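One structure is given below, encoded as structure tokens.
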Amino acid sequence: MGTSLTHWGAFTATVESGDIASVTPFAGDADPSPALGNLPGSVRHVSRITGPAVRRGWLDDGPGPSTRRGADDFVAVSWEQLTELLAGELRRVVDRHGNEAIYGGSYGWSSAGRFHHAQSQVHRFLNCLGGYTFSRHSYSLGATGVIMPRVVGTHDDLFKRSTQWDVIVEHTDLLVCFGGLALKNTGVNHGGTTAHPARDALHRFRARGGQIVSFSPLRDDVDGPCDWRAPVPGTDVAVMLGLAHVLATESLADRDFLARYCTGYERFERYLLGTDDGVPKSPQWAAERSGLDADELTALARRMAANRTIVTVSWSLQRTRFGEQAPWMGLTLAAMLGQIGLPGGGFGHGYGSMNEPGLPPLRCALPRLPQGLNPVGSFIPVAAISDMLLHPGEAFDYNGLRLTYPDIKLVYWAGGNPFHHHQNIPRLRRALGRPDTVVVHDPYWTPMARHADIAIPSTTFAERDDFSGSRNDPLLMAMPRLTEPYAQSRDDYDTFAALARELGVEEAFTEGRTSHEWLRHLYETWWQTLDFDVPTFEEFWRTGSVRLPVEDGLTLLADFRADPQTHRLGTRSGLIEIFNDDIDRFGYADCAGHPRWFEPTDWLGGARAQRYPLHLVANQPAARLHSQLDGGAASQKSKVAGREPIRIHPADAQARGLSAGDVVRVFNDRGACLAGVIVDAGVRPRVVQLSTGAWYDPADPADPDALCVHGNPNVLTDDVGTSSLARGCSGAHALVEVEKYTATPPPVRAHQPPRIVRR
Ligand SMILES: Nc1nc2c(c(=O)[nH]1)N[C@H]1C(S)=C(S)[C@@H](COP(=O)(O)OP(=O)(O)OC[C@H]3O[C@@H](n4cnc5c(=O)[nH]c(N)nc54)[C@H](O)[C@@H]3O)O[C@H]1N2
Ligand SMILES: Nc1nc2c(c(=O)[nH]1)N[C@H]1C(S)=C(S)[C@@H](COP(=O)(O)OP(=O)(O)OC[C@H]3O[C@@H](n4cnc5c(=O)[nH]c(N)nc54)[C@H](O)[C@@H]3O)O[C@H]1N2
Ligand SMILES: [Mo]
């Protein structure tokens, strides 16, 4: 028996024969995530990496570009050999090419524990060696992270200090949700989560008479009653413009709010009304793009102005081409309503994207492993990894800067899975063929680990002591080890400590501490920064948790509304920028000085839809976190015919002769995968939904263009940035065609380890 925690919830586990046998959700959790069901059997799962392994070709031929990554056998080596080989290779790359030649961005969620957080560990280690090329922003919020600080002075306060559920329950009349309020996503919070209040909050909201309008291609993006509108995917900005047009032309826009708290509304209004381009962005204009009814949009705009309304934009809307526009336009629409900063009115970003929006923030910072300083200045926006590897030395635009891609010789990954998170996997595979060496730490033989030259078996959270920490969760939880490390797996910390010793930087990396000593050290250093009492480390470890004070009753931007001088925003003007001079000056073709509609390539209204007539929504999976524990029971139960399920509207299924349970080939000119059919009238016609996270499983591992037999949508998505401003991930959408797969479907082997030879 033991209690621990994942990004998707806290639980008590029984342990048998070195593995988790069963889990019981944490008693205080009203709505536990179904992904907890993936934990039993995860420690000794067949997909674990059992010992250090080196790709045969790399061992025989030495470092260098290779097309064999992902196709070669591995050779088992001892920890001593591994440490010597890898330390030697790190030294070679640093001496010959400089630290800039190491890409250590290492994006990924890894585990919830704050000390054994793999990304923090790898960054700290590489900093001890003199630094690395790093990455900025996230796949979650690539566009938001750049646009929102420019126009509202922050991005993370939008969700970490958002209007709280209790305030919404009490004051909001109307929630207008672009991208729905998907409760499946609120299961998760970075750093761990012990409570899931969103479902209950919506229940109470409705009981008070609150209403929800959901703009989404999927009916079940809102659980329970709502007014469901399904626009053509990717046209939300056009819809918002249509609503804004009604406010502007029917004297419903709050001119006082726009004058006092915003800049640039007049410039935007010229666009909205079509003063210069002759095209009013009217409800009729919006209807032509979105397929919605113009009169219904007009009626909704009036209803929004007459009620206490929150306009909320899910994060998915900014994970598309021109993704900067939707949150910016949502903010602009809310500003026109003039309710920003009033209880239960205004703007939201990410309700239903993650657990944290709507939850009270902590009144204190959290313990955190110091990562040291990185003297290397070169970086990429995180989703430009293939661009970087394929185009060293080339210049590119980012957020007003003109940067150059470095020439990467060694890629170091710990705690992430690019075959889960990155777009256009065929292109990614070619990109990963370019560096001399690819190093991956992971507990499991994920597709990324299979593409490594050096694969290092990490422990999971269940095999080590750690503690949690999340900005919007009141409990700091101890995560005592539940069982012994499996096979030869090692904590990432111990792997780095051994490498640091070999490379002469042990003291800098470990500061002389074991991991348990680090836990105490982090806790006690943190404790000294607090202005309230917390138990001693022993007491914390014994009782298993500390409850931290939170800031209750927040309304987003209430302080700014109350006093815009004292609480000026972090923008240049200190105000909400509906027009932004800097962005205007950058002169980008794909992001202008004010929010506007851009026509994407992959949308149903464009020419490409003649060849690929279905719009794929590649959203977050309900039964797991990303690709984590895809082999677990909850995830496996969600599969259809052993493949990732694809949902399709009955009319589209019928037109293709498909029925439930069929295996289909989903394809476009970027790639193809198999998937298992679910027919569902809750999906908009001409939309199909295939979530991310099925482990990439190429029919022929040597062919980068091979069919993925398991259903990873990132073989279909375009590896193109949101715009020149943010170059964020745009993987949420792709146009595809679907056909029945008539041959015998190849078996799914993604969770079987690669061939490992012993010498
Ligand atoms: N098409 C499309 N693509 C997307 C998205 C989308 O909507 N559509 N969403 C994007 C988003 S928002 C995100 S955040 C990304 C997520 O992408 P990732 O964060 O890369 O996905 P995960 O599957 O969580 O990868 C975490 C990895 O860490 C490993 N791990 C767990 N614990 C440890 C540990 O202690 N040590 C080490 N070394 N490893 C550990 C796990 O086994 C797993 O392989 O995907 C993005 N990709
Ligand atoms: N269970 C579970 N929860 C998760 C995660 C997970 O892997 N599993 N991942 C977590 C992470 S890292 C992140 S960043 C968040 C991501 O949070 P989001 O990005 O918000 O999540 P998604 O599920 O991709 O998208 C939410 C919904 O938006 C809708 N949508 C997609 N495109 C459009 C569009 O063009 N217009 C409209 N109106 N709606 C659209 C889809 O129907 C989809 O179900 O989720 C987090 N929560
Ligand atoms: Mo994310």
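Would the range 1-155 count as rounded, prolate or oblate if I go by the C-alpha gyration tensor, calling it rounded below 1.5 in a/c and otherwise prolate when a/b exceeds b/c, oblate otherwise?
Oblate shape, in that a/c is at least 1.5 and b/c is the bigger or equal ratio.
With n ≥ 4 as the cut-off for DSSP H runs, can you work out [θ] at 222 nm for the chain, using -39500 (n - 2.57) per run divided by the number of residues, rounded to the nearest 500?
So the helix-based figure for the chain works out to -7500 deg cm²/dmol.
Under a plain spin-label model, where a point goes 7 Å from the Cα along Cα-to-Cβ, how far apart in nm are Leu390 and Ala651?
Result for the modelled spin labels: 3.6 nm.
Classify the range 321-480: rounded, prolate or oblate, from the alpha-carbon gyration tensor (a ≥ b ≥ c, eigenvalue square roots; a/c under 1.5 rounded; otherwise prolate if a/b is larger than b/c)?
oblate
Could you tell me how many degrees, from 0 to 90 and to the nearest 10, lie between the Cα long axis of helix 515-527 and the main elongation axis, the longest principal axis, of the Cα atoms of the chain?
40 degrees
Can you pull a Stokes-Einstein diffusion coefficient for the range 607-740 at 4 °C (1.567 mPa s), Rh from Kirkwood over Cα pairs, as a whole number of µm²/s?
For the chosen part, D equals 86 µm²/s.
Along the Cα→Cβ direction, 7 angstrom out, place labels at Asp73 and Asp563. What is the inter-label distance in nm?
7.3 nm
Within the chain, count lysine pairs with alpha carbon atoms under 21 angstrom apart where the residues are 8 or more positions apart or belong to different chains.
4
What net charge is computed for the residues neighbouring Ala207, neighbours being all others with C-beta under 15 Å from the C-beta of Ala207, Lys and Arg scored +1, Asp and Glu -1?
It works out to a net charge of -1.
Work out how much length Trp527 to Ala699 would gain on full extension: take 0.36 nm times their residue separation and subtract the Cα-Cα distance, in nm to one decimal.
Between Trp527 and Ala699, full extension yields an extra 56.6 nm.
To the nearest 20 Debye, how big is the dipole of the chain about its Cα centre, given +1 on the beta carbon of each Lys and Arg and -1 on that of each Asp and Glu?
960 debye
Taking the Cα atoms only, what angle lies between the long axis of helix 79-97 and the longest principal axis of the chain, rounded to 10 degrees?
Around 60 degrees separate the two axes.
Computed FRET efficiency, Cβ-Cβ of Asp397 and Thr601, R0 22 Å: what is it to the nearest 0.05?
Between Asp397 and Thr601 the formula returns 0.75.
Once each part is reduced to its C-alpha centroid, what is the distance from the range 307-355 to the range 43-117 in angstrom?
Cα centroid of the range 307-355 versus Cα centroid of the range 43-117: 42 Å apart.
Quantify, in whole percent, the carbon and sulfur part of the accessible surface of the chain (1.4 Å probe; protein heavy atoms only).
48 percent
What does the extension gain come out to for Asp227 and Val534, with contour length at 0.36 nm per residue minus their alpha carbon separation?
Stretched out fully, the Asp227 to Val534 stretch lengthens by 105.9 nm.
Only Cα pairs under 8 Å and at least 6 apart count here; give the relative contact order of the chain as a rounded whole percent.
Relative contact order of the chain: 21 percent.
Calculate the length of the line joining the C-alpha centroid of the range 128-150 to that of the range 640-691, in whole Å.
After rounding, the separation between the Cα centres reads 34 Å.
Would you kindly state the longest site-free stretch of the chain, with sites defined as GluC sites (Glu not before Pro) in a DSSP loop (not H, G, I, E, B) surrounded by at most 14 other Cβ atoms within 10 Å?
With a cap of 14 other Cβ atoms within 10 Å, the longest stretch comes to 1-249.
To one decimal place, what Kirkwood hydrodynamic radius in Å is obtained for the chain from all pairs of distinct Cα atoms?
Computed over the chain, the radius equals 26.6 Å.
Could you state the number of Å between the C-alpha centres of the range 412-441 and the range 456-490?
25 Å
By the gyration tensor of its Cα atoms, with a ≥ b ≥ c the square roots of the eigenvalues, what is the shape of the range 243-353: rounded for a/c under 1.5, prolate for a/b over b/c, or oblate?
It is rounded, given that a/c, with a ≥ b ≥ c, falls under 1.5.
Sort by residue number and name the cysteines in the chain that have no neighbouring cysteine Cβ under 4.7 Å.
Cys128, Cys177, Cys226, Cys262, Cys364, Cys591, Cys729
Which angle between 0 and 90 degrees, to the nearest 10, do you get for helix 118-128 versus the longest principal axis of the chain when only C-alpha atoms count?
70 degrees
Stretched out fully, how many nm does the piece from Asp277 to Ala743 gain, at 0.36 nm a residue minus the Cα gap?
Gain in length upon complete extension: 162.5 nm.
With every protein chain kept in place and ligands, DNA and RNA left out, what is the accessible area per residue of the chain? Probe 1.4 Å, answer in Å².
On a per-residue basis, the chain sits at 34 Å².
The values are calculated or read from the model by the stated rules, or taken from the named source; none is laboratory data. These numbers come from a predicted model, not from an experiment. All Cβ positions, even for glycine, are placed from backbone atoms using ideal geometry, and neighbour counts span all protein chains on display. Side chains are part of the model used for accessible areas, which takes the heavy atoms of the whole protein and leaves out ligands, DNA and RNA. Shrake-Rupley method; radii C 1.70, N 1.55, O 1.52, S 1.80 Å.
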